[in-house]
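The values are calculated or read from the model by the stated rules, or taken from the named source; none is laboratory data. Computed from a predicted structure; not experimentally measured. In this analysis, Cβ positions are derived from the backbone assuming ideal geometry, glycine residues included, and neighbour counts consider all displayed protein chains. Side chains are part of the model used for accessible areas, which takes the heavy atoms of the whole protein and leaves out ligands, DNA and RNA. Shrake-Rupley method; radii C 1.70, N 1.55, O 1.52, S 1.80 Å.
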Amino acid sequence: MDDTPNDIVTIRSNSAAIVSSVEVAAGKIVSADALLLTTELMKMRQEIRAEQAGRVLAIHVSEGDAIEEGAMLIELQPVAAEETDGAQSTATKSADIRADLQQTRIANDATLDEARADAVAKRHATGMRTARENIDDLVDEDSFIEYGGLATAAQRRKFSDEELTAKSPADGIVTGIGTINAGMFGKEGSSCAILAVDYTVMAGTQGYFHHKKIDRLLDVVHENPIPTIIFAEGGGGRPNDVDAFDISFSGLDVPSFYRFAQLSGKAPLIAVVAGRCFAGNAAFPAVADVIIATKNANLGMGGPAMIEGGGLGTYTPEEIGPSDVQSANGVIDILVEDEADATAAAKTYLGYFQGSLKDWKAPEPDTCRRIVPEDRQLAYDMRKAIAAIADSDSILELRSGFGTGMITALVRVEGRPCGLVANNPMHLGGAIDPEAADKAARFLQLCDAHGLPVISLCDTPGFMVGPDIETRAQVRHIGRLFLAGAQLSVPLFTIVLRKGYGLGAQAMAGGSFHRPSFTVSWPSGEVGAMGLEGAVRLGARKELEAIADHEERETLFKKLVAKAYEKGRAINAARKVEFDAVIDPAETRKWLVAGLNAAGQVKPSGGRRFVDAW
């Protein structure tokens, strides 16, 4: 429209077209948004409407006329709104719901829990939650957008669309993107990809469109890697998706598993396992960074059907991969009570990769001074040392049931997230065995991949030794710890609390005491190429064997050990620059904060191909 000098409004065409209809006549009063005429071009109609109320003064075109761009169509004389009572208006009311929108709402609502009362009630009767309930608990309010919600099982040869919607809503997996932990860091939550298997749909089996939905979401994540969380449950592949048989016989060409594994090292991968999780459903947790499992979880690469089909006997699901077994053997990283706790743990775990907290509370510094006993042969609780160093209530331990000789945890120092590895003096005196080495090596990879500085608390007599330990491939397992330390690209801070002996101590420092950003010791620290007692027994063997009297021999032994200890005290090692400093334990956090400040913004390694599954 354009206004003429005499207040007459001229309506012109905005493109060349054919006039298909004229809806008004000269002299008529029309309201704002009233339909005046319709044009058509290339099978598409365009409605010409009044932008304001007015009286039709002249109509310059007729139905069937060919018009050029800018051609004059209609002239209107503006009138007051009150003069339009009863005048023509075809404007759609905002409250009206179009038929296609209504159909869309009905189709989407049919997939929700509210439309599936019986299935939900059956699920709740087991004490478990639905997939959508877990997602609602995980994501920030109103942040979840669902991909592929209208999918149903590939069984249209057997059932109607209505039947399939009732039997297989979303084809047994809810996928989409939402934000998590909004406000935790004074900002919006991080965007995360979420996949939640729906066990109420055909026991959580993986169908044709089920996999297609996974693949679609993973394609999106690969374009811009974001943390990915999967609630895994169910028994693997679905054998009765008859529509898919014309497309694939075995289904072994689906890209879901390798595409999920390709994300390893690029973004945090979190798996939550509750209930029964076997075969294809277990393949996703198998490559995740962390597996959070409930006590009622059964996790195994082969379920009852596969075992029986292989002629290996008949077992109930509860006999395969129970949570206590999978926690003790290192498969499960975090063992919790139920799905609510698992979801909370997933949010907590993710938080360490979302940034620093502004609000934090420091433990009493003097507590560190009371951790290590003055008696150098008296064991102590390393977890108390961790609690005295990290921010209060900031410790999340991983694989606590496995590799007892090593503690791995996510912590914060002045709100900044860090990884922490520590020897456990309460197990084998802190000696590093194959399980402890594996546990620490994988944890270092995890921290390196996602940009977490590492704090190492060293108190070890070295690697575990003996013929028996070597039968467990000790050489290669220890090698993994050295490899992980050598490849570490994030800052490493090593603190020797007491014992720092041999290759084991070097491994706790990334391979050398001069490898970390700093290596310091508490006053109780002691170092040497091997444990003092062993070194004395080997070095003074002839001298000791020459003494026949047992008590006299033991007295000399203790004297030589004391002499060796005096030489190996941390303060003497620091004089030879083996340590950067011997510090008051109360100053430990001060050193860590200085190291973190010097490191600045730590970024993920970027070059790491993946985080080892083991």
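Of the residues making up segment 128-171, just one is assigned to a strand (DSSP E or B) and of a type in the set (Phe, Trp, Tyr), namely 147. None of 145, 177, 194 is under 26 Å from residue 277 (Cα atoms), at pLDDT 90 or above and surrounded by 23 or more Cβ atoms within 10 Å (Cβ to Cβ) except 194.
Note on segment 297-416: no enclosed strands (runs of 3 or more DSSP E) hold 3 or more residues that are open to solvent by 60 Å² or more (accessible area, probe 1.4 Å) and closer than 22 Å to residue 284 by Cα. Of the residues 62, 21, which single one is touching a residue at least 40 places away in the same chain (Cβ under 8 Å), of a type in the set (Ser, Thr, Tyr), more than 23 Å from residue 80 (Cβ to Cβ) and not in a loop (DSSP other than H, G, I, E, B)? None of the other options fit; the residue is 21.
Scanning segment 111-127 for residues that are crowded, with 18+ Cβ neighbours inside 10 Å and assigned to a loop (DSSP other than H, G, I, E, B) returns 111, 116. Here is the figure for segment 270-284: residues that are part of a strand (DSSP E or B) and in contact with a Leu (Cβ under 8 Å, 6 or more places away or on another chain) total 4.
Every residue, every condition in (1) assigned to a loop (DSSP other than H, G, I, E, B); (2) modelled with pLDDT under 95; (3) surrounded by 24 or more Cβ atoms within 10 Å (Cβ to Cβ), yes or no:
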{"residue": "437", "(1), (2), (3)": "no, no, yes"}
{"residue": "443", "(1), (2), (3)": "no, no, yes"}
{"residue": "447", "(1), (2), (3)": "no, no, yes"}
{"residue": "459", "(1), (2), (3)": "no, no, yes"}
{"residue": "483", "(1), (2), (3)": "no, no, no"}
{"residue": "489", "(1), (2), (3)": "yes, yes, no"}
{"residue": "497", "(1), (2), (3)": "no, no, yes"}
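Taking interchain pairs and intrachain pairs at least six residues apart, which have beta carbon atoms under 7 angstrom, with the first residue in segment 224-241 and closer than 30 Å to residue 451 by Cβ and the second part of a loop (DSSP other than H, G, I, E, B) and open to solvent by 40 Å² or more (accessible area, probe 1.4 Å)? Going by the 7 Å Cβ cut-off, the qualifying pairs are 225/266; 227/353. Examine segment 425-435 for a residue that is at pLDDT 95 or above, closer than 27 Å to residue 263 by Cα and not in a strand (DSSP E or B), and state whether such a residue exists. Yes, segment 425-435 has at least one match. Counting only helices (runs of 4 or more DSSP H) that sit wholly inside segment 538-580, not one has at least 2 residues that are among the hydroxyl-bearing types (Ser, Thr, Tyr), open to solvent by 90 Å² or more (accessible area, probe 1.4 Å) and in contact with a strand residue (DSSP E or B) (Cβ under 7 Å, 6 or more places away or on another chain). Note on segment 158-174: residues that are open to solvent by 20 Å² or more (accessible area, probe 1.4 Å) and aliphatic (A, V, I, L, M) amount to 1.
If you filter segment 284-296 down to residues that are open to solvent by 30 Å² or more (accessible area, probe 1.4 Å) and under 16 Å from the mean Cα position of the chain (by Cα), you find that the one that is nearest to residue 611 (Cα to Cα) is 287. Of all residue pairs spaced 6 or more apart or on separate chains, those with beta-carbon atoms under 6 Å, a first member in segment 364-386 that is more than 25 Å from residue 413 (Cα to Cα) and a second member that is among the hydrophobic types (A, V, I, L, M, F, W, C) and surrounded by fewer than 17 Cβ atoms within 10 Å (Cβ to Cβ) are 379/426.
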